[in-house]
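Trainee: Before I ask anything, here is the structure I am working with.
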Amino acid sequence: LKGKADITSAGRKITTRIDATGAIRGQDVIIAVEAISDNGAVSLPALKIDIGKNSLSGAVALDTSFMPSGKVAFDLPDIALLAAMAGQKAEGAIRGMAEIRSTEGMITGTIKADGPKLVTSGTEIITPVVDLKIIDLAAGQISGTVTSDRIASGANQLSKLMLDFQHQGAATAFDLKSQYDGAPLTTAGSIEQQPDGVLTLNLASFSAAPKKIPVKLNAPIAIRIANGNVAFNAVSITAGQGKITVTGSAGKMLDIRAKIAALPASLANTFASGLDASGTINADVTVSGDPAAPVIAFDTDLQNASISQIKAAGLKPMTISAKGK
């Protein structure tokens, strides 16, 4: 990369024009930026960066408190080239526009983007569409929608995903609709940031049916996150004919109690192809102590237990009991 900067001044106003060219992986890099400093405020009235086929252009200004305002358009048909500059691996394309405004000490704005495909860290996102309205960026107050035809990570994938979230008062409500393993996966709730720093996740509903086994949240729950500690009470989930109930907290110390009743072992087949597990699980489990050295006490009973290797050996289903710490 090589270039030049032309700097002129008049009183307290300094104007800088930067032009540079270069290359990465045989693709041209072209940078043209105009920057103005005037009585403590900084602006970039002309910003244009081309990296191969990728382009970014717009104008941004910082007031004397360094609060930003401006509009930037981006068209990135070759994400892999940008990822290479950051030493990362990704591929795909996305385009859109971001507009931000500083009003009464708050950063507001909009972000709109869409593309055919993004692939990064083993996750593939097909036809993502993002339409966000930023109400207060620092407070995380955002409304909008995110959709995708498919999100896949390994053998797991969501299709026909539509996530809607709306900021209401101190909370942001969310509503997710999608398809997982050939059945609807839906969840709804809200996230609320308290003035004292406590973050509360209110989960009103959750339902799915992996491997045609219905999984459902039995009642709304509240999960409190404060000072690195997560506390939850009476999380009750029905899975097939079984039920899981979990209470406790996790953070610097663990205090978790779980009761499992008549849980289908076949649920494991969703995450381990070829396992072909069957049977039902009953268990009482407690987890306590330091997360770096947790103490787990268990009392389990697996009835009619079998997996693919047991069946291949011609053995009958087994009853397995285990109790320990």
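Trainee: Within the stretch 314-325, restricting attention to residues that are loosely packed, with under 11 Cβ neighbours inside 10 Å and over 39 Å from the mean Cα position of the chain (by Cα), which residue is farthest from Ser273 (Cα to Cα)?
Mentor: Looking at residues that are loosely packed, with under 11 Cβ neighbours inside 10 Å and over 39 Å from the mean Cα position of the chain (by Cα), I get Thr319.
Trainee: Quick one: in the stretch 201-213, which of the residues that are touching a helix residue (DSSP H, G or I) at 6+ places or on another chain (Cβ under 9 Å) and not in a loop (DSSP other than H, G, I, E, B) is farthest from Leu158 (Cα to Cα)? Step through it out loud before you land on a result.
Mentor: As a first pass, look at the stretch 201-213 and keep what is touching a helix residue (DSSP H, G or I) at 6+ places or on another chain (Cβ under 9 Å): 210-211, 213.
Those left that are additionally not in a loop (DSSP other than H, G, I, E, B): 210-211.
Numbers: Pro210: 11, Lys211: 14 Å.
In this case the residue turns out to be Lys211.
Trainee: Answer yes if at least one residue in the stretch 18-27 is buried (at least 17 other Cβ atoms within 10 Å of the Cβ) and either over 32 Å from the mean Cα position of the chain (by Cα) or charged (D, E, K, R) (or both), and no otherwise. Even if it seems obvious, please write down each step before you answer.
Mentor: First, the residues of the stretch 18-27 that are buried (at least 17 other Cβ atoms within 10 Å of the Cβ): none.
No, that holds for no residue.
Trainee: Which condition number does Thr127 fail, the rest of (1) at positive phi; (2) modelled with pLDDT under 95 being met?
Mentor: So Thr127 meets the others, but not (2).
Trainee: Being surrounded by fewer than 17 Cβ atoms within 10 Å (Cβ to Cβ) and either without any contact (Cβ under 8 Å) to a residue 12 or more places away in the chain or touching a strand residue (DSSP E or B) at 6+ places or on another chain (Cβ under 7 Å) (or both) is true for just one of Ala113, Ala98, Ala173, Ala152. Which residue is that? Please lay out each step first, then the result.
Mentor: Working: Ala113 fails: surrounded by fewer than 17 Cβ atoms within 10 Å (Cβ to Cβ); Ala98 fails: surrounded by fewer than 17 Cβ atoms within 10 Å (Cβ to Cβ); Ala173 fails: surrounded by fewer than 17 Cβ atoms within 10 Å (Cβ to Cβ).
Among Ala113, Ala98, Ala173, Ala152, only Ala152 is surrounded by fewer than 17 Cβ atoms within 10 Å (Cβ to Cβ) and either without any contact (Cβ under 8 Å) to a residue 12 or more places away in the chain or touching a strand residue (DSSP E or B) at 6+ places or on another chain (Cβ under 7 Å) (or both).
Trainee: Output yes when any residue across the stretch 271-283 is closer than 28 Å to Asn229 by Cβ and at pLDDT 95 or above, and no when none is.
Mentor: Within the stretch 271-283 (the criterion being closer than 28 Å to Asn229 by Cβ and at pLDDT 95 or above), the answer is yes, since at least one residue qualifies.
Trainee: Can you tell me which residues in the stretch 122-137 are of a type outside the set (Val, Ile, Thr) and part of a strand (DSSP E or B)? First the steps, then the outcome.
Mentor: Going through the stretch 122-137, the residues of a type outside the set (Val, Ile, Thr) turn out to be 122, 124, 128, 131-133, 136-137.
Across the stretch 122-137, the qualifying residues are Glu124, Asp131, Leu132, Lys133, Asp136.
Trainee: Please find, within the stretch 269-291, the residue that is farthest from Lys323 (Cα to Cα) out of those that are surrounded by 16 or more Cβ atoms within 10 Å (Cβ to Cβ) and among the hydrophobic types (A, V, I, L, M, F, W, C). Explain how you work it out, then say what you get.
Mentor: The first filter runs over the stretch 269-291 and keeps only residues surrounded by 16 or more Cβ atoms within 10 Å (Cβ to Cβ), leaving 269-270, 276-283, 286-287.
Of the ones still in play, those that are also among the hydrophobic types (A, V, I, L, M, F, W, C) are 277, 281, 283, 287.
Working: Ala277: 21, Ile281: 13, Ala283: 9, Val287: 14 Å.
Here the answer is Ala277.
Trainee: Now a separate question. Just give me the residues in the stretch 30-59 being closer than 23 Å to Met85 by Cβ and not hydrophobic (A, V, I, L, M, F, W, C), in sequence order.
Mentor: Once the filter is applied, which keeps residues that are closer than 23 Å to Met85 by Cβ and not hydrophobic (A, V, I, L, M, F, W, C), the stretch 30-59 yields Glu34, Lys48, Asp50, Gly52, Lys53, Asn54, Ser55, Ser57, Gly58.
Trainee: Can you name every residue in the stretch 227-259 that is in contact (Cβ under 8 Å) with a residue 24 or more places away in the chain and out of contact with any Ser or Thr (no Cβ under 9 Å at 6 or more places or on another chain)?
Mentor: Asn227, Gly228, Thr238, Ala239, Ala250, Gly251, Lys252
Trainee: Same structure, new question: Those residues that are closer than 20 Å to Ile51 by Cβ, modelled with pLDDT of 95 or more and open to solvent by 70 Å² or more (accessible area, probe 1.4 Å), I need them from the stretch 1-16; list them, please.
Mentor: First pass over the stretch 1-16, keeping only residues closer than 20 Å to Ile51 by Cβ: 1-5.
Next, only the ones that are modelled with pLDDT of 95 or more stay: 2-5.
Hits for the stretch 1-16 are Lys2, Lys4.
Trainee: Let me ask something else about it. Among what's in the stretch 301-313 and is in contact (Cβ under 8 Å) with a residue 24 or more places away in the chain and open to solvent by less than 70 Å² (accessible area, probe 1.4 Å), pick the residue that is farthest from Met253 (Cα to Cα). Quick ask: steps written out before the conclusion?
Mentor: Residues of the stretch 301-313 in contact (Cβ under 8 Å) with a residue 24 or more places away in the chain: 302-308, 311.
So of that shortlist, the ones also open to solvent by less than 70 Å² (accessible area, probe 1.4 Å) come out as 302, 305-308.
Numbers: Leu302: 30, Ala305: 34, Ser306: 36, Ile307: 35, Ser308: 38 Å.
Checking each candidate, the answer is Ser308.
Okay, residues lined up against (1) of a type in the set (A, V, I, L, M, F, W, C); (2) within 23 Å of Gln303 (Cβ to Cβ); (3) open to solvent by 40 Å² or more (accessible area, probe 1.4 Å); (4) in contact with a strand residue (DSSP E or B) (Cβ under 6 Å, 6 or more places away or on another chain):
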| position | (1), (2), (3), (4) |
| --- | --- |
| Leu185 | yes, no, no, yes |
| Ser190 | no, no, no, yes |
| Gly228 | no, no, yes, no |
| Gly242 | no, yes, no, yes |
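Trainee: Then there's this: Can you tell me which residue is most open to solvent (accessible area, probe 1.4 Å) among those in the stretch 63-74 that are under 29 Å from the mean Cα position of the chain (by Cα) and either within 18 Å of Val33 (Cβ to Cβ) or without any contact (Cβ under 8 Å) to a residue 40 or more places away in the chain (or both)?
Mentor: Going residue by residue through the stretch 63-74, those that are under 29 Å from the mean Cα position of the chain (by Cα) are 66-74.
The next check asks that each one be either within 18 Å of Val33 (Cβ to Cβ) or without any contact (Cβ under 8 Å) to a residue 40 or more places away in the chain (or both); those that pass are 66, 68-74.
Values: Phe66: 135, Pro68: 26, Ser69: 41, Gly70: 21, Lys71: 91, Val72: 29, Ala73: 32, Phe74: 43 Å².
For the stretch 63-74, the residue satisfying everything is Phe66.
The values are calculated or read from the model by the stated rules, or taken from the named source; none is laboratory data. The structure displayed is predicted, hence computed values, not measured ones. Note that we place each Cβ from the backbone using ideal geometry, even for glycine, and neighbour counts take in every protein chain shown. For accessibility, only protein heavy atoms count, side chains too; no ligands or nucleic acids. Shrake-Rupley method; radii C 1.70, N 1.55, O 1.52, S 1.80 Å.
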